[in-house]
Amino acid sequence: MRLLVTIQKMAMIFLLFWVGEAWAGFEEGEEAYLLENFPAALSEWRPLAEEGNAEAQNMLGYMYRYGQGVIQDFEQARLWYRRAADLGNARAQNNLGAMYRQGLGIPQDYQEAFRWFLRAAEQGNGGAQNHVGLMYYKGEGIQKDLVQAYKWAYLAAQQGLDPSIQALDLLSQEMTTAQINEAIDLAGKWNPKGEEVAL
């Protein structure tokens, strides 16, 4: 019994050490990135991404998408975003949705874009909520629905996103008071699903 307890303690110490090291590497990469030292950020994040760190995977996707420290490569961006998105990372899901919506390195696909945006929006990601509202407004990948557009823009606006705040003004010019009240009521009843787990 003591052997089992000792093994469990050692496993916990190893896990805590490994998690601490992984986040330390991520934070060092973040500091380098903010200083625009992209090669240093890449050297910190790539090993973490390859080990399955969703935040690092998302940032590698971002760096490939915008050619930061690497040659711009939309296929690599999509690959890294997808790995993180499959782990439930809302930022990566939002970024992947943007790639499908804009057709970056892949055929433009509004339905696929909407699917990824919605997954992130349901976790409470403000950028994705803004995208979902926009797609409902334009009828991209989903049937046009002003009430749903207002609801999602309203949720994103509550997080201070300027495009959503502006969208509410524009939407209110096209909607009845009853429609706006319905949208606000839906937004008030909405609760984030919380973080997704890996697929």
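The values are calculated or read from the model by the stated rules, or taken from the named source; none is laboratory data. Please read all numbers here as calculations on a predicted model, not as lab measurements. Neighbour counts are summed over all protein chains in view; Cβ atoms, including those assigned to glycine, are modelled from backbone coordinates with ideal geometry. Accessible surface is based on the protein model in full, side chains and every heavy atom, while ligands, DNA and RNA are left aside. Shrake-Rupley method; radii C 1.70, N 1.55, O 1.52, S 1.80 Å.
Rounded, prolate or oblate, given the Cα gyration tensor of region 34-85, with a/c below 1.5 counting as rounded? Could the numbers behind the result be given before it?
Working: a/c = 2.05, a/b = 1.15, b/c = 1.79.
The shape class here is oblate.
Based on Cβ point charges of +1 for Lys and Arg and -1 for Asp and Glu, what charge dipole magnitude is obtained for region 27-183 about its Cα centre, in debye rounded to the nearest 20?
Values: 12 positive and 21 negative charges, 115 e Å.
The dipole magnitude comes to about 540 debye.
Tally Lys/Arg at +1 and Asp/Glu at -1 over every other residue whose Cβ is under 13 Å from the Cβ of R119; what's the total?
On the way: positive: R82, R91, R115, K193; negative: D86, E112, E122, E195, E196.
My count for the surroundings of R119 gives -1.
For I106 paired with D145, estimate the spin-label separation in nm (one decimal), with each label point 7 Å from Cα along the Cα-to-Cβ line.
Reported label-point gap for I106 and D145 is 2.3 nm.
Roll a 1.4 Å probe over the protein chains and send me the accessible area per residue for the chain in Å². Walk me through the numbers on the way to the answer.
On the way: 11150 Å² over 199 residues.
It amounts to 56 Å² per residue over the chain.
Between I71, A41, Q57, whose Cα lies farthest towards the positive end of the dipole of region 31-73 when Lys and Arg beta carbons carry +1 and Asp and Glu beta carbons carry -1, centred on the Cα centre?
Positive-end residue among those listed: I71.
Of the accessible area of region 33-88, with the probe set at 1.4 angstrom, what percent is carbon plus sulfur? Don't skip to the answer; put the middle values down first.
On the way: 1390 of 2710 Å².
The computed percentage sits at 51.
Within a Cβ distance under 15 Å of I106, other residues only, what is the Lys/Arg minus Asp/Glu net charge?
Numbers: positive: R65, R78, R82, R101, R115; negative: D73, E75, D109, E112.
Overall, the nearby charge balance is +1.
Which helices pass in the chain if a helix is a full DSSP H run, must span at least 27 angstrom along its long axis by Cα, and must have mean Kyte-Doolittle hydropathy not below 0.5?
Details: long enough: 2-34 (48 Å, 0.65).
Within the chain the helices that satisfy the rule are 2-34.
What is the spin-label model distance, in nm, from K138 to I71 if the labels are put 7 Å beyond Cα along the C-beta direction?
3.1
For region 151-199, what % of the accessible area comes from carbon and sulfur atoms, probe 1.4 Å? Walk me through the numbers before you get to the answer.
On the way: 1680 of 3270 Å².
Answer for region 151-199: carbon and sulfur cover 51 percent of the accessible area.
For A85, what charge total do you get from the other residues with a beta carbon under 11 Å from its beta carbon, if Lys and Arg give +1 and Asp and Glu give -1? Intermediate values should be presented prior to the final figure.
Details: positive: R78, R82, R83, R91, R115, R119; negative: D86, E196.
Result for the neighbourhood of A85: +4.
With a ≥ b ≥ c the root eigenvalues of the C-alpha gyration tensor of the chain, is it rounded (a/c under 1.5), prolate (a/b larger than b/c) or oblate? Each step should come with its number before you reach the end.
Working: a/c = 2.52, a/b = 1.66, b/c = 1.51.
It comes out prolate by the Cα gyration axes.
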